[in-house]
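What follows is a single structure, written as structure tokens, with notes after it.
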Amino acid sequence: MCEKGLFKKAAYNPLASFLAGVRFLTVIPIHWKREKDTLFFQSSLIWFPWIGLLIGMGSACIISLCGSFLPPSVSAVFAITLLAAVSGFLHIDGLADSGDGLLCSRPRKRALEIMRDSNTGAMGLTVVFLILLGKYAALSSLTVDSLLPAIILIPVAGRTAILLSMAILPYARSGDGLGQLFYSTESRILAIVGMLSCILITALVAPHYIVFVGAAILIPVGLFSYWCFKTLGGATGDTLGAICEITECAVAVSIVIALHPFSH
């Protein structure tokens, strides 16, 4: 069965597609139709922003319970940990591997091999540290009232960035790979639907952030996609995870800018 046929078959079962996406993007133990996930991975993409919304809302609920007695800095660390842990640290792992591959100054084939190495080098660790530090610096500067919508929007934007990156870039590896499971002929349509979903969610959660969140998604995706294309020839599962983390950090910073425009 062709790739497009798989997608069309999956599209007729939105619940199975949604649950396949939840299982991939989170560590939530849902077992119904798990054995058929490969049929529904491609159509699960349409749910990515909404799964991000569930992740954000769940994390925000927990932080709101703790925010009354935890200082902003501790709440920020707790929020960052929750958002990373709920995905099983999948995207942070991709960020680390992408850092090692993209910064190694090696030919494309060797860079892709480095990214598949299970060992993380100094460059990968440094990139992860800087992104997490950026998230902490941004989130710890927010009050509890402004922190909660940020926590909700950050995972939404990160999952939307994955869709946009897939629409822009071809798959870089010639063989199989985790990212290859999600590619289909509908990638560009899904990216448009995903971006519209992200705009809608932002309008419902914090409409005054729409321009800032939109810019914080499009600019990193555009620049990072260009870098990936020039260095690797396209995207991999690791770079898709990396753009999720990079965009999350950019959105956190953009919300700080929205609240304190040019005040420092």
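The values are calculated or read from the model by the stated rules, or taken from the named source; none is laboratory data. Because the structure is a prediction, the values reported are computed rather than measured. Counting neighbours? That spans all protein chains shown, and the Cβs are built from the backbone with ideal geometry, glycine included.
What the table below lists for this structure:
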quantity	calculated
Residue check, Ile51 surrounded by 14 or more Cβ atoms within 10 Å (Cβ to Cβ), touching a residue at least 24 places away in the same chain (Cβ under 8 Å) and part of a helix (DSSP H, G or I)	yes
Residues of the range 83-102 satisfying the condition of being in contact (Cβ under 8 Å) with a residue 60 or more places away in the chain and assigned to a helix (DSSP H, G or I)	Leu83, Leu90, His91, Ile92, Asp93, Gly94, Leu95, Asp97, Ser98, Gly99, Gly101, Leu102
Test for Ser105: is it over 17 Å from Gly234 (Cβ atoms), surrounded by fewer than 22 Cβ atoms within 10 Å (Cβ to Cβ) and in contact (Cβ under 8 Å) with a residue 40 or more places away in the chain	no
Selection count, the range 181-208, where residues are without any contact (Cβ under 8 Å) to a residue 60 or more places away in the chain and among the hydrophobic types (A, V, I, L, M, F, W, C)	11
Filtered residues of the range 112-152 (kept if in a helix (DSSP H, G or I) and small (Gly, Ala, Ser))	Ala122, Gly124, Gly134, Ala137, Ala138, Ser146, Ala150
For Ser174: the one exception among (1) outside any helix (DSSP H, G or I); (2) of a type outside the set (A, V, I, L, M, F, W, C); (3) in contact with a Phe, Trp or Tyr (Cβ under 8 Å, 6 or more places away or on another chain)	(3)
Odd one out for Ala85 among (1) surrounded by fewer than 24 Cβ atoms within 10 Å (Cβ to Cβ); (2) farther than 17 Å from Ile151 by Cβ; (3) of a type outside the set (Lys, Arg)	(2)
Output for the range 1-38, where each listed residue is surrounded by 16 or more Cβ atoms within 10 Å (Cβ to Cβ), at pLDDT 75 or above and not hydroxyl-bearing (Ser, Thr, Tyr)	Asn13, Ala16, Phe18, Leu19, Ala20, Gly21, Val22, Arg23, Phe24, Leu25
Unmet requirement for Leu70, which otherwise passes all of (1) in a loop (DSSP other than H, G, I, E, B); (2) touching a Leu at 6+ places or on another chain (Cβ under 6 Å)	(2)
Count - residues of the range 226-250 that are under 27 Å from Pro149 (Cβ atoms) and over 11 Å from the mean Cα position of the chain (by Cα)	1
Residue list for the range 205-264, filter: crowded, with 17+ Cβ neighbours inside 10 Å and among the hydroxyl-bearing types (Ser, Thr, Tyr)	Tyr209, Ser225, Thr231, Thr236, Thr239, Thr247, Ser254
Scan of the range 58-69 for residues that are at pLDDT 85 or above and either surrounded by fewer than 13 Cβ atoms within 10 Å (Cβ to Cβ) or over 21 Å from the mean Cα position of the chain (by Cα) (or both), ordered by number	Cys61, Ser64, Leu65
Some residue of the range 126-139 being over 17 Å from Ala250 (Cβ atoms), modelled with pLDDT under 95 and not acidic (Asp, Glu)	no
